[in-house]
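As C-alpha cells, the structure follows; a few thoughts come after it.
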Amino acid sequence: MGQREDLLAGAKKCLVEKGYAHTTARDIVAAAGAHLGSIGYHFGSKDALLNAAVMETFDAWGDAIAAAVVPDTGGTPLDRLRGFVDGLLAAAPEQRAILVASVQAYAQAEFAPEVRAQLVAGYAAGRRDLAALVLGIPPAEVSEEQARAYGGLAMAMVNGAMIQWLIDPASAPTADDLARALGGLSGR
C-alpha cells in the first residue's frame, strides 16, 4: 500500500476504535505509520481524510448488505424480506466494526456535502435493490414508487434493526419478530 492508502486504513481503524469526534490527526498517523504532514499532502485536512474513510466504510457496509442478499424469488415478499434481514443479522457480529464506522457517516452527512451526496446515491440504489428483492423482480423493473415504498420500508427495517443490534444485540428484534409484526399490521 502507498501512504495515501495507509492513511485511509489508519483513519478507518481510528473510526472504529475511537470514533470520528475523538480521533486526532496524531492518532491517524500513529495507526498508519505515516508523518503528520502527509495528511495535508494527500487529503488537505484531517476531516477530509476522516470523511474519505467514512465513505469507504459505508461502501464496505453496502458490500456486506449485498452479500446478505440471497437471490430467492420463492415465497412471499414478506418471506424474502425476512430472509434478507435474517442474513444481515447473522452477518452483523463479523461486520460490527464496519457497521460502527458506517453509522458515523449519518452524523457527518450534516456537515460534509460529499458524505451526504454518497449517502443519497447509496440510499437511492439501495431502495431500488431492496424493492427488487422484496418484490422478486429485477431492479430494472422497479418503479420509483415501488423503490420509495417497498425499498424504503426494507431500508428502514434494516437500519432500525442494525442500530438496535449495535446497542443491545440480546434484545434487538429478530427477522421473525419484524415479519410477525408486519404480518400483524396487515391483518395476517
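The values are calculated or read from the model by the stated rules, or taken from the named source; none is laboratory data. Since we're looking at a predicted model, the values are computed, not measured. Here Cβ is always computed from backbone atoms with ideal geometry, including for glycine, and neighbour counts include all displayed protein chains. Surface accessibility is based on the protein's heavy atoms, side chains included, excluding ligands, DNA and RNA. Shrake-Rupley method; radii C 1.70, N 1.55, O 1.52, S 1.80 Å.
From the list Gly183, Gly74, Gly187, the lone residue that is of a type outside the set (A, V, I, L, M) and at positive phi is Gly187.
Evaluation of Gly126 against the conditions (1) under 23 Å from Val16 (Cα atoms); (2) in contact (Cβ under 8 Å) with a residue 60 or more places away in the chain shows that the sole unmet condition is (1). Within segment 131-141, the residues that satisfy the criterion of being open to solvent by less than 20 Å² (accessible area, probe 1.4 Å) and modelled with pLDDT of 90 or more are Ala131, Ala132. When residues in segment 154-165 are screened for being surrounded by fewer than 21 Cβ atoms within 10 Å (Cβ to Cβ), under 14 Å from Tyr123 (Cβ atoms) and in contact (Cβ under 8 Å) with a residue 60 or more places away in the chain, 1 of them pass.
Residue check: Ala121 meets all listed conditions (1) in contact (Cβ under 8 Å) with a residue 24 or more places away in the chain; (2) surrounded by fewer than 19 Cβ atoms within 10 Å (Cβ to Cβ); (3) within 14 Å of the chain's Cα centre (by Cα) but one, namely (1). Take segment 76-102 and flag every residue that is closer than 14 Å to Ala156 by Cα and of a type in the set (Val, Ile, Thr). Within segment 76-102, Val85 is the sole residue that qualifies.
Note on segment 75-124: residues that are among the hydroxyl-bearing types (Ser, Thr, Tyr) and modelled with pLDDT of 85 or more total 2.
If I ask for residues that are exposed (fewer than 14 other Cβ atoms within 10 Å of the Cβ) and within 30 Å of Gly184 (Cα to Cα), which ones from segment 72-114 would you list? The answer is Asp72, Thr73, Gly74, Gly75, Thr76, Ala90, Pro93.
Okay, residues lined up against (1) among the basic types (Lys, Arg); (2) over 26 Å from Val54 (Cα atoms); (3) touching a Gly at 6+ places or on another chain (Cβ under 8 Å):
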{"site": "Ala109", "(1), (2), (3)": "no, no, no"}
{"site": "Ala117", "(1), (2), (3)": "no, no, no"}
{"site": "Arg127", "(1), (2), (3)": "yes, no, yes"}
{"site": "Leu135", "(1), (2), (3)": "no, yes, no"}
{"site": "Gly151", "(1), (2), (3)": "no, no, yes"}
{"site": "Trp165", "(1), (2), (3)": "no, no, no"}
{"site": "Asp168", "(1), (2), (3)": "no, no, no"}
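Scanning segment 166-179 for residues that are exposed (fewer than 13 other Cβ atoms within 10 Å of the Cβ) and β-branched (Val, Ile, Thr) gives a single hit, Ile167.
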